[in-house]
Amino acid sequence: MTRALRSAAALLLAATGACTLNLRQVQDPPRSVAMATAYPWNSMVYLARTDSGVVAIDLGWSGAGRALRRGLRRMGASAEEVEAVFLTHSHRDHIGGWREVRGARFHVAAAEVPLLGGAAHHADLPSRAGERLAGNPAPWHGEVEVHAFAGDTAFAFGRDTVRAFSVPGHTAGSAAYLFRGVLFVGDAVAYSYLSGFRPAFRVFTDDPARSRASMASLWERVRPYAPQWVCTAHAKCAPADSAFARKVIR
């Protein structure tokens with residue numbers, strides 16, 4: 001392993017830590033559950049039952065299939081009931097469980113579609129190295145039904161609404177989702193035990209400056225909906241308040 005890859009691995013471990021943070025606060029089993037996969041990376045899977053089937057936000061990494069099945073059992077649901085998957089971005093540590101729910105509609109921001117399907121490649125060094133060493137774990141073109149959205153939009157599921165927001169920077173098509181008072185920001189926000197919540201780590205990010213600008217814009221765009229919690233894609237959650245905003249908008 002090269003020095004750059006060792007540094008990237010160390011940063012990722014520092015970013016995610018060995019524990020989740022406030023993950024119980026965003027769950028309401030059997031109505032909704034959240035699981036961490038790929039310990040100690042803690043790549044998160046969130047599942048919620050709605051009037052129109054089960055919704056998933058991000059799909060974890062290694063062990064995601066087992067985690068998904070376990071989470072669905074806690075909800076009294078099956079993989080066939082998962083109607084929609086919302087991906088914050090297509091890095092390999094957040095798409096691991098796609099085969100379990102391949103019958104669902106996969107929602108991603110338009111700029112992320114070629115990255116998810118392999119027509120384009122992520123710009124950050126760890127992603128390039130991972131693809132070179134282990135291939136692209138994403139579904140091949142046509143293996144899942146992909147729906148792209150351009151800009152901010154909303155998806156209705158009976159009485160529930162998933163609000164999608166474009167936050168490019170960490171990847172070209174990074175997105176955030178607001179659902180039941182929880183704002184899922186993917187890896188546009190990072191966490192370490194040394195500094196707490198902070199902007200996305202540069203080594204994993206295509207365009208750090210654009211990512212910070214996207215987060216500043218996002219905070220204003222979600223304000224009318226009064227989010228209560230913010231969660232990263234690595235199972236770190238915090239109250240959605242001005243103190244949190246000051247930490248991630250620098």
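Calculate the tail of P(r) for the range 195-250: the fraction of all Cα-Cα distances greater than 17 Å, expressed in %.
Of all Cα-Cα distances in the range 195-250, 37 percent exceed 17 Å.
How large is the translational diffusion coefficient of the range 128-250 in µm² per second when you combine the Kirkwood radius over alpha carbon pairs with Stokes-Einstein at 37 °C and 0.692 mPa s?
The Stokes-Einstein estimate is 212 µm²/s.
At what distance in angstrom do the alpha carbon centres of the range 193-237 and the range 151-176 lie from each other?
Their Cα centres are 14 Å away from one another.
Starting from the Kirkwood Rh over alpha-carbon pairs, what translational D in µm² s⁻¹ does the chain have by Stokes-Einstein at 4 °C and 1.567 mPa s? List each step's numbers first, then the result.
Numbers: Rh = 17.7 Å.
The calculation lands on 73 µm²/s.
Quick one: work out Rg over Rh on the C-alpha atoms of the range 84-191, Rh as Kirkwood radius.
0.95
Over the chain, what is the relative contact order in percent, taking alpha-carbon pairs closer than 8 angstrom and at least six residues apart?
Working: 548 pairs, mean separation 46.3, N = 250.
Answer for the chain is 19 percent.
Relative contact order, percent, of the range 76-179 when contacts are C-alpha pairs under 8 Å separated by at least 6 residues?
30
Net charge around residue 115, counting only other residues with Cβ within less than 13 Å of its Cβ (Lys, Arg = +1; Asp, Glu = -1)?
Summing Lys/Arg as +1 and Asp/Glu as -1 gives -2.
How are the C-alpha pair distances of the range 78-135 spread across 5 Å bins, as whole percents from the shortest bin up?
Per 5 Å bin, starting at zero, the Cα-Cα P(r) for the range 78-135 comes out as 4, 17, 27, 24, 15, 9, 4, 0 percent.
Per-residue ellipticity at 222 nm for the chain, helices alone: DSSP H runs ≥ 4 residues times -39500 (n - 2.57), over residue total, nearest 500 deg cm²/dmol? Mind dumping the intermediate values first?
Details: 6 runs with 63 residues, N = 250.
After summing the helix terms and dividing by the residues of the chain, the value is -7500 deg cm²/dmol.
Counting only protein heavy atoms and using a 1.4 Å probe, what share of the accessible area of the range 105-180 belongs to carbon plus sulfur, as a whole percent?
Working: 1920 of 3450 Å².
Using a 1.4 Å probe with all protein chains present, the range 105-180 comes out at 56 percent carbon and sulfur.
Mind checking the dipole of the chain: about its Cα centre, +1 per Lys or Arg Cβ, -1 per Asp or Glu Cβ, Debye to the nearest 20?
Numbers: 29 positive and 20 negative charges, 154 e Å.
Dipole about the Cα centre, nearest 20: 740 debye.
Isolated Cys in the chain by the 4.7 Å beta carbon test?
Unpaired cysteines in the chain: 19.
Considering every pair of different Cα atoms, what Kirkwood radius, in Å, is found for the range 64-111?
11.3
Return P(r) of the range 39-128 (all Cα-Cα pairs; 10 Å bins starting at 0; whole %; ordered from short to long distances).
In order of increasing distance, the bins hold 17, 50, 27, 6, 0 percent.
The values are calculated or read from the model by the stated rules, or taken from the named source; none is laboratory data. Please read these numbers as outputs of a predicted model, since none were measured by experiment. Cβ coordinates were reconstructed from backbone atoms using ideal geometry, including for glycine residues, and neighbour counts include every protein chain displayed. Just the protein is used for accessible areas: all its heavy atoms, side chains included, with ligands, DNA and RNA removed. Shrake-Rupley method; radii C 1.70, N 1.55, O 1.52, S 1.80 Å.
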